[in-house]
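See structure below.
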Amino acid sequence: MSQKILLTSKEVNIILHRLACQLIEKHLDFSNSILIGIQPRGSFLATRIAQILKEEYAIDNIKLGLLDITFFRDDFRRNEKPLEANKTQIDFLVEDKQVIFIDDVLYTGRSIRAALTAIQSFGRPKSIELLALIDRRFSRDLPIQPDYRGRQVDAINNEKVKVKWQEKDGEDAVYIE
């Protein structure tokens with residue numbers, strides 16, 4: 001199966017900075033805002049965005065959490081092989097906060113639906129927004145759209161979008177295969 005590169009490391013870096021700036025425009029000092037990375041792959045993106053906000057834009061009070069949605073998915077019992085859960089790491093209340101879900105690829109919208117259900121265990125947010133690095137716009141099963149998107153991709157048929165992160169895969173890049 002052949003791979004085509006959609007985003008190089010340099011392009012990923014530019015997009016991450018643009019997304020961080022868009023968040024600053026809306027949330028200013030983040031005193032009432034929380035970043036929530038959706039496990040597993042959204043955690044890399046959320047950590048990077050938080051790092052950029054802290055190190056390059058001097059925003060010190062970033063609250064970052066990681067949310068596992070494994071047992072909230074609507075296909076939880078439909079797979080033949082058992083699903084592997086990740087850790088949820090949220091050590092603060094989300095009650096009356098502005099929550100920003102962060103995931104690497106928005107595909108069918110089902111992961112976001114599961115995240116909407118899972119976050120209720122931590123309180124009732126004031127609002128919820130969605131940031132996605134890649135938006136596969138023609139593949140939605142649910143009416144979910146990102147508030148912040150890195151790149152919109154029109155993947156067709158059985159094409160898959162693969163996001164690679166330096167921390168896990170040894171490179172920052174996005175491929176379509």
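Of 28, 40, 90, whose Cα points farthest to the positive end of the dipole of the chain (charges on the beta-carbon: +1 Lys, Arg; -1 Asp, Glu; origin at the Cα centre)? Of the candidates, 40 comes out farthest on the positive side. Packing around the peptides 93-99, 108-114, 128-134, taken as the average count of other Cβ atoms within 10 Å per residue, puts them in this order, highest first: 128-134, 108-114, 93-99.
Checked against a 25 Å cut-off, the cross-linked pairs 97/160; 63/87; 54/162; 54/160; 126/160; 97/164 give Cα-Cα distances beyond that limit for 97/160; 54/162; 54/160; 126/160; 97/164. Accessible area per residue for the chain, computed on protein heavy atoms with a 1.4 Å probe, is 56 Å².
Taking 135, 91, 29 as the candidate residues, the one with maximal mean-square fluctuation in a Gaussian network model of the chain, Cα springs under 10 Å, is 91.
Highest mobility in the GNM of the chain, judged by mean-square fluctuation with C-alpha springs under 10 Å and restricted to 24, 156, 38, is found for 156. As a calculated quantity, the FRET efficiency between residue 5 and residue 85 at R0 = 30 Å, using C-beta atoms, amounts to about 0.40.
Counting only protein chain heavy atoms and rolling a 1.4 Å probe, the accessible areas of 17, 27 rank, largest first, as 17, 27.
Rolling a 1.4 Å probe over the protein heavy atoms of the chain, with every protein chain left in place, gives an accessible area that is 46 percent carbon and sulfur.
The values are calculated or read from the model by the stated rules, or taken from the named source; none is laboratory data. Quick caveat, the model's predicted, so the values are computed rather than measured. Because the Cβ atoms are built from the backbone with ideal geometry, glycine has one as well, and the counts that use them run over all protein chains shown. What goes into the accessible areas is simple: the full protein's heavy atoms, side chains included, and nothing from ligands, DNA or RNA. Shrake-Rupley method; radii C 1.70, N 1.55, O 1.52, S 1.80 Å.
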